[in-house]
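J.: Just passing along the structure, written as structure tokens.
The values are calculated or read from the model by the stated rules, or taken from the named source; none is laboratory data. Worth saying up front: this structure is predicted, and the values here are computed from it rather than measured. For neighbour counting, all protein chains shown are included, and Cβ atoms are generated from backbone atoms with ideal geometry for every residue, glycine included. Note: accessible area is taken over every heavy atom of the protein model, side chains too, but ligands, DNA and RNA are not part of it. Shrake-Rupley method; radii C 1.70, N 1.55, O 1.52, S 1.80 Å.
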Amino acid sequence: GEKHFSPAPWMWRKFSAAGNAAFDTIKPFLDKRSEIQSRHAQSLATFCAELEQIVDTAPTDWTALGKGIARGRKKLHDLNKISPGQRQKLAKQLKTALDKGNQLIQDQYNRVEMEKMKLIRSASQLVHLPERSDAIAQAKALQSQWKDAGSLWRSKEQALWNQFREHLDPL
């Protein structure tokens, strides 16, 4: 309120006019940016809903879930293309969906690993069968069950497969 530090009224009018002219010049850019950010936000919200639907379906489609999680990780980079007001909400929604999907996959891997360990134990018992033809028939059945059990990440799958084959190769 002191007169000494306030600008002259003509200076303020000139500054305000320059600011308004600059804003009018940049307004189309800001409108276009808002439109693009809105499209990205809508796309990400739609993707989050699709991923949550894949996660929540009862008979889980593991291939679709894996692809969805891979796409979700790429979508994390798209968060920078969204306005800051929507970014936190969508980031939380995306992270929740990715966490649920990753937990489902990890649980599936644990189940598959346990199943394959049981098959390895069954294969180790085949050597003790009196009839070789029965052992070979059961070995073929175990190989079929191995395939039906599902798959793991490659390094773990290969290590378990080598243990499994170690018991079947003598037959």
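J.: Right, Q88: open to solvent by 80 Å² or more (accessible area, probe 1.4 Å) and free of Cβ contacts under 8 Å to residues at least 24 places away in the same chain or not?
T.: Yes; evaluated as a whole, the condition is true for this residue.
J.: Right, here's the next one. Within the bounds of segment 8-22, is there any residue that is assigned to a helix (DSSP H, G or I) and under 18 Å from R87 (Cα atoms)?
T.: Looking through segment 8-22, none of the residues is assigned to a helix (DSSP H, G or I) and under 18 Å from R87 (Cα atoms).
J.: Note down all Cβ pairs under 9 Å where the first residue falls in segment 116-132 and is in a helix (DSSP H, G or I), the second is acidic (D, E), and they're at least six residues apart or on different chains.
T.: The qualifying pairs are K116/E157; I120/E166; A123/E166; S124/E166; L126/D134.
J.: Do we find that I105 is under 30 Å from P170 (Cβ atoms) and surrounded by 15 or more Cβ atoms within 10 Å (Cβ to Cβ) in this structure?
T.: Here the answer is no, as I105 does not meet what is asked.
J.: Taking the conditions exactly as written (under 30 Å from Q143 (Cβ atoms), within 18 Å of the chain's Cα centre (by Cα), β-branched (V, I, T) and surrounded by fewer than 17 Cβ atoms within 10 Å (Cβ to Cβ)), does T96 satisfy them or not?
T.: no
J.: Could I ask something else about it? Output the number of the condition that K74 fails; it satisfies all remaining conditions of (1) surrounded by 11 or more Cβ atoms within 10 Å (Cβ to Cβ); (2) out of contact with any helix residue (DSSP H, G or I) (no Cβ under 8 Å at 6 or more places or on another chain).
T.: Only one criterion is unmet by K74, namely (1).
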